[in-house]
Amino acid sequence: MVFVGMDHGTTGVSFTILEEEPVHFKIGREELSSGKVSALEELSKRVDIGSIDLMAITYAMGDGINEIIPIENVKNRGIISIGGAGKVTGGGTSVYDEIKNSGVPTVLIPGLHRNTPCLDERFRAAYSHAASPEKVSISYNAYLETGFRNMIVADISSNSVSILVEDGTIKGAMDACVGAMGIIHGPLDLEMIRDIDDGEKTANECFSRAGAVKVAGVDTKVASAKEAIIRKYLEGQREAELAIETMVMTIIMEIWGLRGIADKIEGIVLTGSIGSMQEPINIFQMIKEGVEDIAPVLILPPTSGSVGSAQIAKAVFEGEKDILGIKVLEAH
C-alpha cells in the first residue's frame, strides 16, 4: 500500500510518501512558479506513480469545501477566491492541476471556516476563516502521534495558527490575520487599517508584512525572510531580537486564550519550521516556558503537514468516514 500527502505551504509544496521509513521532499515556490519543475516528475523519482493507492492534498484556504472530497468532484480547486490569502507566490495551482490530471486517486482536504460543521458555533460566528487545510493534516498527525483527544496544536512558520481539539474533534482555530504573528503574516492593527483606508496598501500587502518581518525591518523574498531574521538575531541586532520576542509573546497569548475556553487540555503540540526550531535559536523552548503550566508541551517536525495528509489518505482508503470531526465524502 502506498499513500502520499501534500502540504501546500507559503514557501513551497511538501510531499510525504508514507512507507515504513517515510520519504519527504519539498519543492520551493520559485522553482514551481518558474515552470521548470514538475511535482509529478519529482514524485515519480521516489515512487511508482501507478502504485499510489490514494493521495491527500491541500490547496490555498480550502474555504470552498467543508468535507474531504475526491478531487474529481471539486469545483474551483475548493476555494472561494485566492484574494486575501496572503503572499501569492505562484506554483501551487500548477501542482494542483498536475495532480488532478494525472489520474492518481486523490482527495482534497478542506480548510476550517464558517461552514465547517464541527467547529464550535461561536468560532463560526466570529471568524469567516479559521485555518487553511494543512492545519487539519497537522492536527491529525498530532492526534495519531500523541494520542491526545484534548489539545492545542500550534503551527508556527510563515504564519502562526493554533487549533483547539476537544474530544477528538476540531472545535476552533485562530488564523494569522486575527491571532499570533508568524515570520511573514500577522494580525492587522490600527495603523495598517488606516493605510488600507487611505489607499496606500492593500489588505493583503499589510497581512503579508504583519509578522516578525515588520518588527525586524526585513523586506526580502518570502523564502529567505526567516534566514534573514535569524542572521540578524545571531548578530545581536536588537530589532531582530525584538521581532522574535514579540512573535513568541503573541503565540503564548494565543495558546493561553484557547486554553481559557477549553474544558481540559491534555497537551500542547508545537510544530512548523519555527515552532519546532531548537537550533540556532531555541524558539521551541521559549514558547514551551510560557505555556507548560497548562499541560505537557510536545514537538513535531515541520513535516507534520505532509505526513498528516498522507495519514489522512491512508485512513480514508481504509474506510474512515470522519477525520477529527470532518466528514469524508465518497466519490460519485
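Where a number appears in this text, it was derived from the coordinates with a stated rule and is not lab data. Worth saying up front: this structure is predicted, and the values here are computed from it rather than measured. Cβ placement follows ideal geometry from the backbone for every residue including glycine, while neighbour counts extend to all protein chains displayed.
One table, with the values for the structure above:
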| quantity | calculated |
| --- | --- |
| Degrees between helix 92-102 axis and first principal axis of the chain (Cα, 0 to 90, nearest 10) | 10 |
| Protection-proxy order for peptides 42-50, 152-160, each taking the mean of Cβ atoms within 10 Å per residue, highest first | 152-160, 42-50 |
| Where N is the number of residues in the range 3-327, Cα Rg divided by 2.2 N^0.38 Å | 0.94 |
| Fraction of beta bridges assigned by DSSP in the range 3-327 that are antiparallel (%, nearest 5) | 65 |
| Note, ³J(HN,Hα) from phi for the range 218-223, Karplus 6.51, -1.76, 1.60, rounded to Hz, x at Gly and Pro | 9, 10, 9, 5, 3, 5 |
| Alpha-carbon Rg/Rh ratio, for the range 279-332, with Rh computed the Kirkwood way | 1.18 |
| Largest-first ellipsoid semi-axes for the range 9-147, taking √(5λ) over the Cα gyration tensor eigenvalues, angstrom | 25, 18, 14 |
| Contact order normalised by residue count of the range 169-307, Cα under 8 Å, 6+ apart, percent | 19 |
| Between the range 219-243 and the range 308-322, the Cα center-to-center distance that results, in Å | 39 |
| Gaussian network model of the chain, Cα within-10 Å springs - most flexible of Asn73, Asn115, Asn141 | Asn73 |
| Neighbourhood net charge (11 Å Cβ-Cβ; Lys/Arg +1, Asp/Glu -1) for Gly305 | -1 |
| The chain: angle of helix 304-317 to the longest principal axis, Cα-based, in degrees nearest 10 | 30 |
| Rel. contact order, % - alpha carbon contacts under 8 angstrom, at least six apart, the chain | 22 |
| Phi to ³J(HN,Hα) by Karplus 6.51 cos²θ - 1.76 cosθ + 1.60 over the range 245-250, Hz, x for Gly, Pro | 4, 5, 4, 4, 4, 5 |
